[in-house]
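Take a look at the structure set out below.
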Amino acid sequence: MNKISELIMKIREKKVILWVGAGFSLYAGMPSALTLVNAIINQSTDEEKDILRSVTKTLQDVSEEFVLLRSDNKNDLIKILEKEIMINPKDLSIHEMLRQIPQINEIITTNYDTLFEQAYKDKLIVIPNSFLLPFSTDVHKVRLYKIHGDFSYPESIIITKTDYVNHFAFQQDEPIWSIVKSFLAKYSILFIGYSLEDENVKSIFSAIDDKLGGFRNKCYFVSPRLPKHRQDYLAKKNIEYINMTGEEFIPIIHKEIQKHMIEDLQRGYLHHTDVCHILHEYNIDANFNIQSDGTLYLESVQCADSAIKGSIKFNNDNQLPMEDLQAFMHGLNFNSVKISKGSISSLKTYLKGFELPIVNDVENVELELKAIPKKTFECSFLLKNSGQALNHIQGNIYCSPYLIQLDFDHKYVLLSYKLKVMDGGDTDFNFETATNIDVIEAKQIYSFINEWLQGDEIIILCNDGTKIPSIPSPTEVADDLKNKVKYLSRFYSDLFEIQKYFGVVFDAINEITENDLNNMSYILAAIRKNTLTLNNLTMKITPSIDDFESIISEDGFAVKFVMKEPKPIQLFGKIFTLQEGQVNCNDAYVINKTEVIEFYRRGEIPIPLVLGSKGNGLNFTWIA
């Protein structure tokens, strides 16, 4: 593990305190020490300028001399510094990145500016002196120790050489310094924004060595282009050197912390509230739940303006649907691809830089890959010629250099229409209907599809006004598909007629038998007063002698009578009773003549009679 990875792991485990110097504020447009020196000199009298220009031009020395020239009064100096430093920053991005690293909740700074205050807003407690320590107990806020003071408390400002000497000589027993001492004993310190040429740093390091117990844990010093002998100096103090500027280094750790943030929450390094607050800044809504062992897990995640991205590594597995997978990945089709258990060796998913630990055991993962549509819209279908319509349809458009696919999802039917860009514009279509469809919807859907397959054109009306080309009737459709759709269109139309006439509602039809079709024909004949031609008819009669002679004659005979006996007919779970049936035939004959004669001789009544027709058939009409 290299030193940067080592430091990042320590930050993730909340083992690092940040110590920030003036160099970290330069990117935001804050003045350098030399700029402040020139400001002090420029706002001095001519006599003071001559004196100040003669001293060593460090900020501490010039400040010290300026205060002496003003009768040992720091007020004028503080006003000059405040005017130069309390300006609007030109950039806060790096400080805002720090705000999104919740593991860093203790920051020490020698800066006077308010960049942290502006970046953290109400998530920060500023502590410029020991008196404010009792008010810094909110665990969800970052504590900023401004050990060189704050302009809100002018007496706290440490700026002159005398201030530094007194500060480290007499204040090491102050509560705020006791806290700094405890930090050095327990944590690694990350120094950013300092130069080893800076007297400020020398004073800090001397105070740590002499007054605060030294660097007990490995610390880190971020600064660009430090000479070798300076790096050796740091190494002797147990300080690792990192050759970067603060604005180069912070994005690196920010990226890694963000990547592992949800994992670190689950490991107990972070608080649920802090993580959710950061996720909300990225428009991510995450729901967490508690497992039986008391640990948190990510239950669901939503983001309206970004998709989840990921990477998958597969095992060398013969079970992989390689042909489908390659076609999917290259955009040759947009059909979902299912990956079975044991086929995945690694699965990583990310959302806006956050790694989503959605699975722990990839070996037992079953995965379904689905394409993301280029556009999603709500629409209606309208047939150009017949005027039939389907409403409340969700449309999805998928595009690749090879294929354009339009998928339409209605409550009861899925229609997919494909245009193969690289194959001369060939088209293909497919549709599926639901199994639990009710009669009214089925009648509408199959009638619509039948008209389309017979030559009509689908016009797509988008709710948002998007113009989508119409879908012509497919030119190459298998006859069995056309016939099936035509048959179902007629079937549901007939069933709807029965439903409407008798005022009943059929349940969803899952199976159609030959008996169902025969019973439907009887019921429809009764409704429509149609005449059915029957091959035979069974009844029971009590004939007179004359009737009997006519019935058993060899010649055909004419019959016309009304059957008074109600006949119940069952259809798809409903019972329909047909009250009367009228029979009419000009060439009837008795099919079971031997049986009829035997019954008559024994005097058994009623006699079972099976009538047939010698030519034109038995005409039968039910009266519903």
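The values are calculated or read from the model by the stated rules, or taken from the named source; none is laboratory data. Remember, it's a predicted structure, so these values are computed and weren't measured experimentally. Positions of Cβ are backbone-derived with ideal geometry, glycine not excepted, and every protein chain shown enters the neighbour counts. Side chains included, ligands, DNA and RNA excluded: accessible areas come from the protein's heavy atoms. Shrake-Rupley method; radii C 1.70, N 1.55, O 1.52, S 1.80 Å.
Points worth noting:
One line per residue, one yes/no per condition, for (1) out of contact with any Pro (no Cβ under 8 Å at 6 or more places or on another chain); (2) at pLDDT below 80; (3) assigned to a loop (DSSP other than H, G, I, E, B):
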position	(1), (2), (3)
Ala508	yes, no, yes
Ile512	yes, no, yes
Ile523	yes, no, no
Asp546	yes, yes, no
Glu549	yes, yes, no
Ala558	yes, no, no
Pro568	yes, no, no
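- Any hit, the range 310-327, residues being among the β-branched types (Val, Ile, Thr), open to solvent by 50 Å² or more (accessible area, probe 1.4 Å) and at negative phi: yes
- Filtering Ser336, Ser345 for residues that are exposed (fewer than 14 other Cβ atoms within 10 Å of the Cβ), in contact with a Lys or Arg (Cβ under 6 Å, 6 or more places away or on another chain) and either within 30 Å of Pro472 (Cβ to Cβ) or in contact (Cβ under 8 Å) with a residue 60 or more places away in the chain (or both) leaves a single hit, Ser336.
- Asn530 of a type outside the set (Asp, Glu), touching a helix residue (DSSP H, G or I) at 6+ places or on another chain (Cβ under 9 Å) and either over 17 Å from Ile440 (Cα atoms) or touching a residue at least 60 places away in the same chain (Cβ under 8 Å) (or both): yes
- Phe576 meets each of the listed conditions (1) assigned to a loop (DSSP other than H, G, I, E, B); (2) among the hydrophobic types (A, V, I, L, M, F, W, C); (3) within 60 Å of the chain's Cα centre (by Cα) apart from (1).
- Thr531 vs. criteria open to solvent by 70 Å² or more (accessible area, probe 1.4 Å) and β-branched (Val, Ile, Thr): yes
- Residues that are of a type in the set (A, V, I, L, M, F, W, C) and open to solvent by 20 Å² or more (accessible area, probe 1.4 Å), drawn from the range 480-508: Leu481, Leu488, Phe496, Phe502, Val504, Val505, Ala508
- Options Ile192, Ile257, Ile204: the member that is closer than 23 Å to Leu26 by Cα, open to solvent by less than 10 Å² (accessible area, probe 1.4 Å) and either within 44 Å of the chain's Cα centre (by Cα) or of a type in the set (Lys, Arg) (or both): Ile192
- Answer residue from the range 540-573, given it is under 60 Å from the mean Cα position of the chain (by Cα) and open to solvent by 60 Å² or more (accessible area, probe 1.4 Å) and is nearest to Ile607 (Cα to Cα) among those: Lys567
- Considering Leu92, Leu133, Leu69, Leu144, the condition of being touching a strand residue (DSSP E or B) at 6+ places or on another chain (Cβ under 7 Å), open to solvent by 20 Å² or more (accessible area, probe 1.4 Å) and touching a residue at least 12 places away in the same chain (Cβ under 8 Å) is satisfied by Leu133 alone.
- If you go through the range 11-37 and pick out every residue that is in a strand (DSSP E or B) and touching a Pro at 6+ places or on another chain (Cβ under 6 Å), you end up with 0.
- Unmet criterion (only one of (1) touching a residue at least 60 places away in the same chain (Cβ under 8 Å); (2) in a helix (DSSP H, G or I)) for Ile80: (1)
- Filtered residue count, the range 179-207, keeping only those that are of a type in the set (A, V, I, L, M, F, W, C) and at pLDDT 90 or above: 4
- Contacts under 7 angstrom Cβ, first residue in the range 298-324 being part of a strand (DSSP E or B), partner open to solvent by 50 Å² or more (accessible area, probe 1.4 Å) and hydroxyl-bearing (Ser, Thr, Tyr), 6 or more apart: Lys309/Tyr350; Gly310/Tyr350; Lys313/Ser345; Phe314/Ser345
- Inside the range 580-607, residues that are under 21 Å from Tyr522 (Cβ atoms) and touching an Asp or Glu at 6+ places or on another chain (Cβ under 9 Å) make up a count of 2.
- Residue match in the range 97-106 (condition: of a type in the set (S, T, N, Q) and open to solvent by 30 Å² or more (accessible area, probe 1.4 Å)): yes
- Residue identified as touching an Asp or Glu at 6+ places or on another chain (Cβ under 9 Å) and under 30 Å from Thr376 (Cβ atoms) among Cys303, Cys219: Cys303
- The range 444-461, residues that are open to solvent by less than 20 Å² (accessible area, probe 1.4 Å) and within 13 Å of Ser380 (Cβ to Cβ): Phe448, Ile458, Ile460
- Qualifying residue in the range 372-391 (condition: among the charged types (D, E, K, R), touching a helix residue (DSSP H, G or I) at 6+ places or on another chain (Cβ under 7 Å) and modelled with pLDDT of 90 or more): no
- Residue check, Val583 over 23 Å from Asn530 (Cβ atoms), assigned to a strand (DSSP E or B) and either open to solvent by less than 60 Å² (accessible area, probe 1.4 Å) or acidic (Asp, Glu) (or both): no
- Looking only at the range 395-422, residues that are aromatic (Phe, Trp, Tyr), part of a loop (DSSP other than H, G, I, E, B) and either surrounded by 15 or more Cβ atoms within 10 Å (Cβ to Cβ) or modelled with pLDDT of 90 or more (or both) come to 1 in all.
- In the range 426-433, the count of residues that are surrounded by 15 or more Cβ atoms within 10 Å (Cβ to Cβ), part of a strand (DSSP E or B), β-branched (Val, Ile, Thr) and at pLDDT 90 or above is zero.
- Restricted to the range 32-66, and to residues there that are charged (D, E, K, R) and without any contact (Cβ under 8 Å) to a residue 60 or more places away in the chain, the residue that is surrounded by the fewest Cβ atoms within 10 Å (Cβ to Cβ) is Asp46.
This table checks each residue for (1) in contact with a Lys or Arg (Cβ under 9 Å, 6 or more places away or on another chain); (2) part of a strand (DSSP E or B); (3) closer than 18 Å to Lys146 by Cβ.
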{"residue": "Met9", "(1), (2), (3)": "yes, no, no"}
{"residue": "Leu52", "(1), (2), (3)": "no, no, no"}
{"residue": "Glu64", "(1), (2), (3)": "yes, no, no"}
{"residue": "Glu84", "(1), (2), (3)": "no, no, yes"}
{"residue": "Ile104", "(1), (2), (3)": "yes, no, yes"}
{"residue": "Ile107", "(1), (2), (3)": "yes, yes, yes"}
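- For the range 272-291, the set of residues classified as in a loop (DSSP other than H, G, I, E, B) and on the phi < 0 side of the Ramachandran plot consists of Tyr282, Gln291, listed by residue number.
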